[in-house]
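Scroll down for the structure; my scribbles are underneath it.
The values are calculated or read from the model by the stated rules, or taken from the named source; none is laboratory data. These numbers come from a predicted model, not from an experiment. Counting neighbours? That spans all protein chains shown, and the Cβs are built from the backbone with ideal geometry, glycine included. To get the accessible areas, we keep the full protein, side chains included, count just its heavy atoms, and leave off ligands, DNA and RNA. Shrake-Rupley method; radii C 1.70, N 1.55, O 1.52, S 1.80 Å.
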Amino acid sequence: PILKVAIMGLGSYATRVAKAMEDCQRAKLVGLISGTPSKIEEWSKKYDIPEKNCYNYENFDAIKDNPDIDAVYVITPNGLHKDQSIRVAKAGKHVISEKPMGINAAEGQAMVDACKAANVKLLIGYRMHFEPKTVAVIQMRKDGEFGQPKFFQGQSGFTIGDPNQWRLDKKLAGGGAMMDIGIYSINGARYMLGEEPIWVTAQETKTNPEKFKEGVDETIQFQMGFPSGAVANCLSTYNMNNLDRFYMTGDGGWVEMQPSTGYGPIEGRTHKGPLTQPHVTHQTLQMDGMAELIFEGKQPIVPVNGEEGVKDMKIIDAIYKAVKTGGKIEL
Ligand code: NAD
């Protein structure tokens, strides 16, 4: 079957996802949820979406009576994901939530619990888990081609513009660069090394407290330790452009990727030579992969489920705690 998807929140990333879904084999955009009637009008024309599949933030619970929609993809500001996802679950529809799944681990766990109770799937928009070069590197690591992984370095950042956007509003964003872009280095460390961290340390640098208010991080350097003894050293920032690089070395080989998580093409090489897997629009692969996961239970190389999201949120909670206390936080 085809996964029939409604998108909630018709902003810039939703625009990218909708366009990518035009090339999907297994997923189709069939519904819209927005607070802006002019966007509903424009999008429904563009994507040929019937009025009966269009909702706003007040009435979308009625989606439970709409058999034409299987799943809702929540692409709104981070601070809204939890409540919106739980409402979708209660309407009996599968939930795809953008990253970060919420603004802390407790929110993430509440989403996992609500989806379990409603017997619907909860998936997080981890598009890199479907990206061919990333998948190839993870497979190489699983096959032991890097030997024992020892060290990961992740650098994730860009220079953020407009000081009035929701990404710099603690309530809607849940934090700053860490929630938005630093999460790629956290998630990357986990899938590149193939382990879960047992401790974190972190240091914050804030050069512009006017723009980056209390609770909104500008730049955080953080370190993670893993059970094998492997370590990760990462940088998350809203104050350096085009920072998008992963490096991992083991006792049998190494890989570097730059760009490592941008929309693509991803580029990289290992001790064996360049990564040559073809570039396909990430969100196209992601949505086809999520359809296979929902209908056939086919798992991607690393999970994209709610539990996976909670793991990242727990690490983010610990990083913020480490910044505050200056100490080493055990996970
Ligand atoms: P955006 O500002 O472009 O879009 C957000 C949308 O939410 C807008 O259409 C806005 O109207 C709507 N919205 C609904 N209620 C709102 C409210 N109370 N306040 C503000 N806006 C409200 O943002 P975006 O870049 O599309 O990001 C949306 C989500 O997608 C975020 O969680 C972000 O982390 C995630 N994202 C993921 C990726 C990825 O590669 N996976 C890339 C970009 C963004």
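For the reader, a short list of remarks on this structure follows.
- Pairs of Cα atoms nearer than 8 Å and 6+ residues apart set the relative contact order; for segment 3-127 it is 23 percent.
- Crossing angle, helix 183-193 versus the chain [Cα axis fit, 0-90 degrees, rounded to tens]: 60
- Heavy-atom accessible surface of segment 56-95, averaged per residue, reaches 40 Å², computed with a 1.4 Å probe.
- Cross-link reach is defined here as a Cα-Cα straight distance under 16 Å, omitting same-chain residues fewer than 8 places apart; for LYS46 the aspartates and glutamates meeting it are GLU22, ASP23.
- Counting only residues at least eight positions apart within a chain, or on another chain, the aspartates and glutamates with an alpha carbon under 12 Å from that of LYS99 are ASP180, GLU308, ASP312.
- Whether segment 105-206 is rounded, prolate or oblate, judged on the alpha carbon gyration tensor where a/c under 1.5 counts as rounded: oblate
- Percentage relative contact order, the chain, counting C-alpha pairs under 8 Å, at least six apart: 20
- Helix 105-117 and the long axis of the chain differ in direction by around 50°, with both axes built from C-alpha atoms.
- Subtracting the Cα-Cα distance of SER38 and LYS272 from their residue separation scaled by 0.36 nm leaves 79.0 nm.
- Accessible surface of the chain, 1.4 Å probe, proportion on carbon and sulfur as whole %: 50
- Remark on the chain: hydrodynamic radius 20.2 angstrom, per the Kirkwood mean of 1/r across alpha carbon pairs.
- Computed from phi, the 3J(HN,Hα) profile of segment 170-181 under the Karplus parametrisation 6.51, -1.76, 1.60 (θ = phi - 60°) reads 3, 5, 8, 9, x, x, x, 4, 4, 5, 8, 10 Hz, with x in place of Gly and Pro.
- Cα radius of gyration and Dmax for segment 257-331 (Å): 17.1, 46
- Here the Karplus curve 6.51 cos²θ - 1.76 cosθ + 1.60, taken at θ = phi - 60°, turns the phi angles of segment 67-75 into couplings of x, 7, 10, 8, 8, 10, 9, 8, 10 Hz, with x standing for Gly and Pro.
- Residues whose placed amide H lies under 5 Å from that of THR76, excluding near-sequence neighbours: GLU98
- Given their separation in residues at 0.36 nm each and the Cα-Cα distance between them, LEU172 and GLU214 gain 13.8 nm when the chain is fully extended.
- Electrostatic bookkeeping for GLY92 treats Lys and Arg as +1 and Asp and Glu as -1; over the other residues with beta carbon under 14 Å from its beta carbon, the sum is +3.
- Rounded, prolate or oblate (a/c below 1.5 giving rounded, otherwise prolate when a/b exceeds b/c) for segment 222-261 by Cα gyration tensor: oblate
- GluC sites (Glu not before Pro) restricted to DSSP loop in segment 212-297 with at most 13 other C-beta within 10 Å: GLU214
- Backbone amide hydrogens, once placed in the peptide plane, bring PHE151 within less than 5 Å of VAL231, THR249, excluding anything fewer than 5 places away on its chain.
- For segment 3-127, the direction-averaged projected area of the alpha-carbon convex hull comes to 7.0 nm².
- Within the straight-line cut-off of under 22 Å between alpha carbons, the lysines reachable from LYS150 are LYS133, LYS142, LYS272, LYS311, LYS328, sequence neighbours fewer than 8 places apart in one chain being disregarded.
- Nearest 10 degrees, 0 to 90: helix 37-47 Cα axis against the chain principal axis: 90
- The DSSP beta bridges internal to the chain are antiparallel in roughly 55% of cases.
- Radius of gyration and maximum dimension Dmax of segment 147-237, Cα, Å: 14.2, 47
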